[in-house]
1. Please enumerate the residues belonging to the range 13-52 that are part of a loop (DSSP other than H, G, I, E, B) and open to solvent by 60 Å² or more (accessible area, probe 1.4 Å).
2. Identify all residues within the range 366-384 that are within 24 Å of N324 (Cα to Cα) and exposed (fewer than 14 other Cβ atoms within 10 Å of the Cβ); write none if there are none.
3. Are there any pairs with C-beta distances below 6 angstrom linking a residue in the range 445-458 that is crowded, with 22+ Cβ neighbours inside 10 Å to a residue that is of a type in the set (S, T, N, Q), with the two at least 6 apart or on different chains, and if so which?
4. Taking only pairs six or more apart or across chains, which ones have beta-carbon atoms under 6 Å, a first residue in the range 474-500 that is over 11 Å from H448 (Cβ atoms), and a second residue that is among the aliphatic types (A, V, I, L, M) and buried (at least 16 other Cβ atoms within 10 Å of the Cβ)?
5. Which of the residues belonging to the range 238-249 are surrounded by fewer than 22 Cβ atoms within 10 Å (Cβ to Cβ) and either hydrophobic (A, V, I, L, M, F, W, C) or assigned by TED's automatic domain parsing to the domain that holds H548 (or both)?
6. With the requirement that a residue be open to solvent by 30 Å² or more (accessible area, probe 1.4 Å) and outside any loop (DSSP other than H, G, I, E, B), what does the range 739-770 give you?
7. Identify, please: which residue in the range 84-115 is of a type in the set (D, E, K, R) and over 13 Å from V132 (Cα atoms) and is, among those, surrounded by the most Cβ atoms within 10 Å (Cβ to Cβ)?
8. In the range 347-375, what residues are at negative phi and free of Cβ contacts under 8 Å to residues at least 12 places away in the same chain?
Amino acid sequence: MTVREKAMRKYDFKTIEQKWQDKWNEQKLFEAPVKPDPNNKFYMLVMFAYPSGDIHMGHFRNYLIGDAVARRQMMLGKDILHPFGWDAFGLPAERAAIKRDLHPEKWTLQNISVSKSTLQKAGISFDWTREVNSCMPDYYKWTQWMFIQLFNKGVAYRKRGFVNWCPEDKTVLANEQVKDGKCERCGTAVVKKDQIQWYFKITDYADRLIDDLDKLPDWPENVKTMQREWIGRSHGLEIDFTIDGSDKTLPVFTTRQDTIFGVTYMAVSPEADILEHLKLESEYAEKVEAYKKLAAGRSDIERVSATGDKDGVFTGKYAINPFNGEKIELWVADYVLAGYGTGAVMGVPAHDIRDFAFAIKYNIPIKVVIHPDKKTRLKVEEMEDAFVEYGPMVNSGQFDGLAGDDALEAVSNFAEEKGIGRRKVNYKLKDWSISRQRYWGCPIPIIHCEKCGMVPVPEKDLPVLLPKVENYIPKGRSPLADVPEYMNVKCPKCGGEAQRDPDTMDTFVCSSWYFLRYLDPHNDLEPYSKELANLWMPVDLYVGGITHATGHLIYFRFFTKFLHDIGWLDYEEPAKILFNLGLVMDAKGEVMSKSKGNVTSPIPLMNEHGIDITRLAMYFTAPSEKEVLWNNETLVGVEKFVINRFYPIIKEYRKTKPNLKYYFKQDELSRDEKEIYLKLNQTIKKVSVSYDHLHFNTAVAALMELVRDFDTSKIKNDELNDLIIIKTIQMIAPLAPHLAEELWEAVGFEKSVFKRGWPDYDPEAIIGDTINIAVQINGKLRDTIEVSVDADEKTIEKEALKSPKIQKYTDDKKIIKKIHVKGRLLNIVVK
């Protein structure tokens, strides 16, 4: 028998783990109270899972982070809600099922059973009495209810338009589901297709979605930046150009109205409606039609990319610039998207890089109307590229000499006075395309009647059940359209013959409100109790991946605002704090993914090493926000710590049952005792800060260091000896819960360690645990602040900006950047 095998016989983790999981279940330890104290609650939410297979180490890390937080908050005395569920509808599950020749429902429910078993084995503190499953009727009944509320308020609507189409999956994709011009699920190049779709009018919420980000100080700045850029709000001027020889007007949005006199061509999108109304001569009409077909095969990403050659075709028509009456060529170019602005742009080659290249390629005139300054003159024949900065207007009539904001304002005022334009705010964000031509999704609760039009299914008739069909393979239209017993119904209004809507909803609709169903998962009368929502909401901490920044994390904010508007929520934002965990990579540095076949399951590791050792190894690898290169060798050092140092610590307990709130007088301790007492209290503070910042790796490291330095032979004071052991058990409990409970019971406590509080530290015994940081403004020393020795950059910045001496130099200033010299200095650059 090896040394390890002998040690593992003493640490019988299988018996210990089963024992405590049984006890937790008996005690209903993780079941949330129905009604919490709203001033003492903690709603810990992790993103619920796609059940496309078993849990891998990437999922494992996500749920471990939430588990450690929930367990510690329980120790701090909070009413905890820590639920879980399954994002069970949608493409991932359906594609996997088709690949295996299984019905999507069977495949999904099998995976849920396996994954749930894995999570329960890992000891995650989920309240399973609140489990939700988006593919079950008791859940999607209320997804349909949400749709009807949106429809009744005019936020859900149906129209024909060009959509992102995945030829492989044979369904529409939202803009957020297209990555680099390809389907994010299967990698197939996405094309444009003209068809009728359901949309949610998320653009009505664009301003609030941007402005309310300022109310979320504890969301990552990179996520907020990504959302601002995705929504893409811009202020400018919409100018009315007329088509020569026609009564048609072509409005164009621009943020550079100071270049209006430099317009030498117009470009419209291949999908622009105006092309249907222009009477093109045959030679031009043929070229335009051919070009439209070519453009349909290109993704939006390709079309608007800053790199690559841009092309187009001349229509043979001209537009009239309303500012100077000049005739300019009208082109069709696919770098113009129908959905942005008006689907038309003005070409200013001298002052736009893309327009410059386009003009050079097609020999279109270039006209300079902005100079860099009053002394520098640009000459077209000498220009190698466009000049895109602001400067004094030239060749612009009455506006010559105006520059920057003054020029923009003057041109805008003139346009509005003359009735040829108007100030306007534009957005990149498009309405959310939510209907899918697939089987495995939530049915859309709308009935189409020739007499009454679109009629929502009455609430008493919800849910509209997804029928069990044999043929669910995608065909380019919904498989439900071929199920007459599902499609053919009576109109709820007139009683006449009618048909159901054949499409299903995007799975992101299901995940836009799931956090609310957890509050009241067994309610048959409403999606959730408003009273309970106002007690539990908002979510205190939401943990998930940054990949959802411009998808789910926008959608669930939109849903929250809508529900607030119709009186179903008191809050307008769903989560106080958002935390994005780092991805788990394999040893080669590639993201773990079922599709790549490089996933590592935690099950074999837990079976061989124990649950808590596997948990500690994951916590120990890196700060939670950083990527992890997972290697099973990480387990070796952690296992030695647990087996050789931590678990045997119980042998040193002297059974004094010390007062856990007692602070020792240092002058009554020996030098060795004082040293370890200081170490204990410094560790409690350090570990507490590490938990606060989700830096569990530093918590584990600090505990390893404390246990290493704990030499019981040097401690004569029995109560001090036992206090160190007890508080060490408390500190490790959220990370290694089974081990902690076993040792906690061994030292004589009957109540769970998670119900006995978080250890306090003696404020007189943390000497040397703070450092001074010099704070500079633009390189000049303005103050010195005291912070914890392990304070992170964000904490240091917060403390610095609280200082009146610093505020004196930052108020009414824009902070350009912050420069840290670790452990010494913070320089804030302001303008």
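The values are calculated or read from the model by the stated rules, or taken from the named source; none is laboratory data. These figures come from a predicted structure and were not determined experimentally. Please note: Cβ atoms are built from the backbone with ideal geometry, for glycine as well, and neighbour counts cover all protein chains shown. SASA here: full protein model, heavy atoms, side chains in, ligands and nucleic acids out. Shrake-Rupley method; radii C 1.70, N 1.55, O 1.52, S 1.80 Å.
1. K28, E31, V34, K35, D37, P38, N39
2. Once the filter is applied, which keeps residues that are within 24 Å of N324 (Cα to Cα) and exposed (fewer than 14 other Cβ atoms within 10 Å of the Cβ), the range 366-384 yields P372, D373, K374, R377, K379, V380, E381.
3. Pairs found: P445/Q144.
4. Y486/L480; P492/V455; K493/V455
5. Scanning the range 238-249 gives a single hit, I243.
6. Across the range 739-770, the qualifying residues are E742, E745, A746, K755, P763, E764, T770.
7. E94
8. I360, K375
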